[in-house]
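Engineer: Quick one: the structure is below, and I'll ask about it shortly.
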Amino acid sequence: MRSIRVLGAMLAIAVLSGCAVAGSGYDIAKMRAAQPTGSAFTKALTEEYRKLTIFEADDMYDWRDADFFARKGLRAAAGEVVEPDAIASRDLPADKVGELTGARAELMQLLGAGARDKAPQEAAAAQAAFDCWMEQQEENFQADHIAACRERFYTAMDKLRAAMKPPAKAEPAPAPAPAMAPKPFVVFFGFDKTDITAAAAKTIDDAVATAKKIKATDFSVTGHADRAGSEDYNSDLSLRRANAVRAALVARGIVGARVSVAGRGEAEPAVPTADGVKEQANRRVQIIVLQ
């Protein structure tokens, strides 16, 4: 093990001194000394990617991913708003795609709601932890590293959600309110897909369990699509996704007549994009348990 680490250190010196082919070592070296500019968010993101770069280069001797994080960090240092890695950018294990997709969708919703301005430190930490999780999950052989990045992401998201909450107002105690309706359940789909994944099935199970717990019998199911493809096609696709979820609810014992179905096509994106852009967060069906 010692000989491996010594060899790794020698390789590091060779890359950073120019003995290796110009490219990754140059970006890594630049990232170590980069001076961040731009907004509070891009400055915080620069520091987060700097830490990832140094860890991959100095501790893991993973030049490919060190270089990848260095390039993202240099863009952030130049004041560019860099986005979290797309799900399709990594070769992920099939059974991990659902959780990572949902995690990225929530992160993108918070970023789209102004988290970069309202909570720049928390937003940067959450984004870097997500990219770390994606990188480790693609490698898929160091369980402790995967778990560490995953836990870091969820901890950062807890802080980000808390930072995004509006400050409490000092007001007289309100009268007792009726029980709040449960939050909507969101099912995500693959590109141009209507099939129910394992992650989607679990979400549907949770919706049914919640309905039984509060003795609710009615559901509202609304499908959505991203902006890749024509409006007419996406309108039909969103309705087919909604009907797929309705069928799953019926299969779990829900009376079909109690489930209202609608398709919104690409008209109400969770994450606004330009026309033609694929966006996982927008390929969804929202389930509302009605009381």
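The numbers here are math on the coordinates, done by the rules we state, and not lab data. Every value quoted in this text rests on a predicted model; they were computed, and no experiment measured them. No Cβ is skipped: glycine too gets one built from the backbone with ideal geometry, and neighbour counts run over all protein chains shown.
Engineer: If you take the alpha carbon radius of gyration of region 185-290 and divide it by 2.2 N^0.38 Å, what ratio comes out, to two decimals? Can you show the working numbers first?
Structural biologist: Numbers: Rg = 13.4 Å, N = 106, 2.2 N^0.38 = 12.9 Å.
Dividing the Cα radius of gyration by 2.2 N^0.38 Å gives 1.03.
Engineer: Something else: Give me the number: length gained by fully extending residue 275 to residue 210, i.e. 0.36 nm times residue separation minus the C-alpha to C-alpha distance, one decimal in nm. Mind dumping the intermediate values first?
Structural biologist: Numbers: separation 65, 0.36 × 65 = 23.40 nm, distance 3.63 nm.
Result: 19.8 nm gained on full extension.
Engineer: For a Förster distance of 25 Å, can you work out the FRET efficiency between the beta-carbons of residue 147 and residue 35, rounded to the nearest 0.05? Please report the intermediate quantities before stating the final value.
Structural biologist: Working: r = 33 Å, r/R0 = 1.34.
Approximately 0.15, to the nearest 0.05.
Engineer: How many Lys pairs in region 185-290 lie less than 20 angstrom apart by Cα atoms, where the lysines are 8 or more positions apart or on different chains? Don't skip to the answer; put the middle values down first.
Structural biologist: Working: 193/202; 193/278; 202/212; 202/213; 202/215.
Step by step, the pairs that qualify in region 185-290 add up to 5.
Engineer: Between residue 165 and residue 109, what is the label-point separation in nm under the 7 Å Cα-to-beta-carbon projection?
Structural biologist: 1.7 nm
Engineer: Still on this structure, I have one more. Net charge near residue 27, counting Lys/Arg +1 and Asp/Glu -1 over other residues with Cβ under 9 Å of its Cβ? Spell out each step's value before the answer.
Structural biologist: Working: positive: 30, 71; negative: 67.
Residues close to residue 27 contribute a combined charge of +1.
Engineer: Taking the chain as a Gaussian network, where each spring joins two C-alpha atoms under 10 Å apart, which residue of 66, 94, 262 fluctuates the most?
Structural biologist: Judging by the Gaussian network model, the answer is 94.
Engineer: A further question follows. Classify region 92-237 as rounded, prolate or oblate from the Cα gyration tensor: take a ≥ b ≥ c as the square roots of its eigenvalues, call it rounded if a/c is under 1.5, otherwise prolate when a/b beats b/c and oblate if not. List each step's numbers first, then the result.
Structural biologist: On the way: a/c = 1.57, a/b = 1.08, b/c = 1.45.
Oblate.
Engineer: Which one, (1) 1.05; (2) 1.01; (3) 1.12, gives Rg/Rh (Cα atoms, Kirkwood Rh) as derived from the coordinates shown?
Structural biologist: It is the value labelled (1).
Engineer: Next question. What is the distance, in nm, between label points placed 7 Å from the Cα along the Cα-to-Cβ direction at residue 59 and at residue 291?
Structural biologist: 4.6 nm
Engineer: Also, I was wondering about something else. Under the classification rounded if a/c is under 1.5, otherwise prolate if a/b is larger than b/c and oblate if not, where does region 2-164 fall, given a ≥ b ≥ c as square roots of the Cα gyration tensor eigenvalues?
Structural biologist: Values: a/c = 2.23, a/b = 1.36, b/c = 1.64.
Cα axes put region 2-164 in the oblate bin.
Engineer: Lysines near residue 165 by alpha-carbon distance under 21 Å, same-chain residues fewer than 8 away left out - which ones?
Structural biologist: Reachable lysines: 118, 183.
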